[in-house]
Amino acid sequence: MNITVIGSGYVGLVSGTCFAEMGNTVTCVDTDPDKIEKLKQGDIPIFEPGLEAMVLKNVKDNNLFFTTELEKALQNAEIAFIAVGTPTGADGAADLQYVLAVAKSIGQLMQKKIIVVDKSTVPIGTADKVKATIQKELDARDSNLEFEVVSNPEFLKEGAAIADFMKPDRVVIGADSEFAFKKMKEVYAPFFRSHDRFIAMDLRSAEMTKYAANAMLATKISFMNEIANICEKVGADANQVRIGVGSDQRIGYSFIYPGAGYGGSCFPKDVKALTKIAKENGYTAQLITAVEEVNNAQKLVIAQKIITRFGEDLTGFTFGFWGLAFKPGTDDMREAPSIYVIKELVKRGAQIKAYDPKAIDEAKEHYLKEVQNITYAASKYDVLKDSDALVLLTEWKEFRSPDFEEIKVQLKKPVIFDGRNQYIAYDLENKGWEYYRIGKN
Ligand SMILES: NC(=O)c1ccc[n+]([C@@H]2O[C@H](COP(=O)([O-])OP(=O)(O)OC[C@H]3O[C@@H](n4cnc5c(N)ncnc54)[C@H](O)[C@@H]3O)[C@@H](O)[C@H]2O)c1
């Protein structure tokens, strides 16, 4: 099948590459000429395990193409996926300007019947807006070309995006015609050989499913963080509680790790957007609002522990950071807790030395660009020399079993702040360490 993917970021590039891997001919479009030029040169602008090899293979096999020219990309396309960003707008709602700009361009440029698929996370009712936008442009051209609009929210996780896309738990399709469902089934059939994981529904329900899924996961995280904060007050250990609670099959172990709060490009903006969607429709989403509030406070819990230990004025203290990305397996730093913790400490005069296996360029070029008092190191042990404490914020595997003797030699004193609750080896307190973690005093 001939497929166009519009927007070549995390979702667009991964989706396009996986569709190409299944033998489709895919053109990935982006308005960012640098990104497209890099991709044409085989330089992958994001880190995602397995992505680079898959892109290079499919480019070589002539299954995957990159362009800034939407008109050219639409020429033979049977399906066009919209995978552009939907960031938080000034009022907290998802900013639809990129999605609607693409819809407008499709209406202006399409030359044959096409299925337009919203893969971006979009507020309920967006498919209708996309439909109206395309139709308006076709009317202006006096064209009677036909098109369908489908909602196909994406559930991949950064850090495991290829695996998730190639073997999805489910593929949700919202549509209002048999033709659209049939075509979407054809596109996704190669991804589930053993049994069907296709869930068909109406457009609005599909749009809502994505927000509901992210809000549910964010709720689990904020819930457990709240429990962890109460654990600290009452002398319980959140990690032991996590194990006790997760063993209940109705609850499960996933997404109940106490930590420094959720970040990334999805949960923060989608939780905010859902609250806004509810409000616009006359409903106050109390629980979802609280999920965000708990998370905002949680991002600073580890900073508060550092302040309690070292004092309000951190002038003269240096902190070695392990981890900057919002989670392991990605270079993405959007809304990462590290940004908030580092800014809070720097505001109080601290010096920061930071290491992350993948996200240092992102930090330097974007998210911590304006921050003075920060230097970056090439290895996890390099940040420790003359630092007053080690702060762990992203649970990369290479931090799981470090050389504690080496850390002790490098640090001024053996002090660790673990923002991922006992991610570093347990029992440090009994081995002469000052070990502070979320969910235990
Ligand atoms: N990142 C994730 O883990 C994830 C997971 C599921 C869903 N989503 C959703 O998918 C959407 C995309 O997210 P992302 O993380 O891939 O974003 P991203 O910022 O990484 O990529 C978006 C891309 O779209 C491009 N773009 C903007 N306007 C364009 C236009 N008119 N034509 C062509 N390209 C254009 C940008 O240059 C950018 O490269 C969002 O709605 C997001 O909520 C993201």
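For Val11, are the conditions met, namely being crowded, with 23+ Cβ neighbours inside 10 Å, free of Cβ contacts under 8 Å to residues at least 60 places away in the same chain and of a type in the set (A, V, I, L, M)?
Numbers: crowded, with 23+ Cβ neighbours inside 10 Å: yes; free of Cβ contacts under 8 Å to residues at least 60 places away in the same chain: no; of a type in the set (A, V, I, L, M): yes.
No: the conditions fail for Val11.
With respect to being within 16 Å of the ligand (Cβ to nearest atom), out of contact with any Leu (no Cβ under 7 Å at 6 or more places or on another chain) and hydrophobic (A, V, I, L, M, F, W, C), Phe47 fits the description.
The rows are residues; the columns are (1) without any contact (Cβ under 8 Å) to a residue 24 or more places away in the chain; (2) within 23 Å of the chain's Cα centre (by Cα); (3) buried (at least 17 other Cβ atoms within 10 Å of the Cβ); (4) within 16 Å of the ligand (Cβ to nearest atom).
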| residue | (1), (2), (3), (4) |
| --- | --- |
| Glu69 | no, no, no, yes |
| Gly85 | no, yes, yes, yes |
| Ala90 | yes, yes, no, no |
| Val99 | no, yes, yes, yes |
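Selection over the stretch 316-369 of residues that are away from the ligand (no atom under 15 Å from the Cβ), surrounded by 20 or more Cβ atoms within 10 Å (Cβ to Cβ) and acidic (Asp, Glu) gives a count of 1. Residues in the stretch 23-44 that are away from the ligand (no atom under 11 Å from the Cβ), surrounded by fewer than 19 Cβ atoms within 10 Å (Cβ to Cβ) and part of a loop (DSSP other than H, G, I, E, B): 5 in all. Contact annotation: residue pairs with Cβ atoms under 6 Å, 6 or more positions apart or on different chains, pairing a residue in the stretch 254-278 that is within 18 Å of Ala161 (Cβ to Cβ) with a partner that is away from the ligand (no atom under 16 Å from the Cβ), are Phe255/Lys220; Tyr262/Asn295; Gly263/Pro337. Taking the criterion of being surrounded by 13 or more Cβ atoms within 10 Å (Cβ to Cβ), more than 22 Å from Ala359 (Cα to Cα) and among the acidic types (Asp, Glu), the only residue of the stretch 386-421 that qualifies is Asp388.
Can you tell me which residue is farthest from Leu145 (Cα to Cα) among those in the stretch 71-101 that are assigned to a strand (DSSP E or B) and hydrophobic (A, V, I, L, M, F, W, C)? Checked the stretch 71-101; the qualifying residue farthest from Leu145 (Cα to Cα) is Ala94.
For the structure I just gave you, tell me whether Asp118 is out of contact with any helix residue (DSSP H, G or I) (no Cβ under 8 Å at 6 or more places or on another chain), surrounded by 16 or more Cβ atoms within 10 Å (Cβ to Cβ) and within 21 Å of Cys266 (Cβ to Cβ). It would help to see each step written out before you state the result.
Details: out of contact with any helix residue (DSSP H, G or I) (no Cβ under 8 Å at 6 or more places or on another chain): no; surrounded by 16 or more Cβ atoms within 10 Å (Cβ to Cβ): yes; within 21 Å of Cys266 (Cβ to Cβ): yes.
Answer is no for this residue.
Of the candidates Phe19, Phe65, Phe47, the single residue that is in a loop (DSSP other than H, G, I, E, B) and aromatic (Phe, Trp, Tyr) is Phe47. Entry remark, the stretch 69-106: residues being touching a Lys or Arg at 6+ places or on another chain (Cβ under 9 Å) and of a type in the set (Ser, Thr, Tyr) number 2 in total.
Here is a yes/no grid of residues against (1) polar (S, T, N, Q); (2) in contact with a strand residue (DSSP E or B) (Cβ under 8 Å, 6 or more places away or on another chain); (3) crowded, with 22+ Cβ neighbours inside 10 Å; (4) within 20 Å of Leu300 (Cβ to Cβ):
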position: Ile230; (1), (2), (3), (4): no, no, no, yes
position: Cys266; (1), (2), (3), (4): no, no, yes, no
position: Val271; (1), (2), (3), (4): no, no, yes, yes
position: Asn281; (1), (2), (3), (4): yes, no, no, no
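Can you name every residue in the stretch 193-227 that is more than 24 Å from the chain's Cα centre (by Cα) and part of a loop (DSSP other than H, G, I, E, B)? Once the filter is applied, which keeps residues that are more than 24 Å from the chain's Cα centre (by Cα) and part of a loop (DSSP other than H, G, I, E, B), the stretch 193-227 yields Arg193, Ser194, His195, Asp196, Asp202.
Taken together, the values in this text are just the output of simple stated rules run on the coordinates, not laboratory data. Source: prediction; values computed, not measured. All Cβ positions, even for glycine, are placed from backbone atoms using ideal geometry, and neighbour counts span all protein chains on display.
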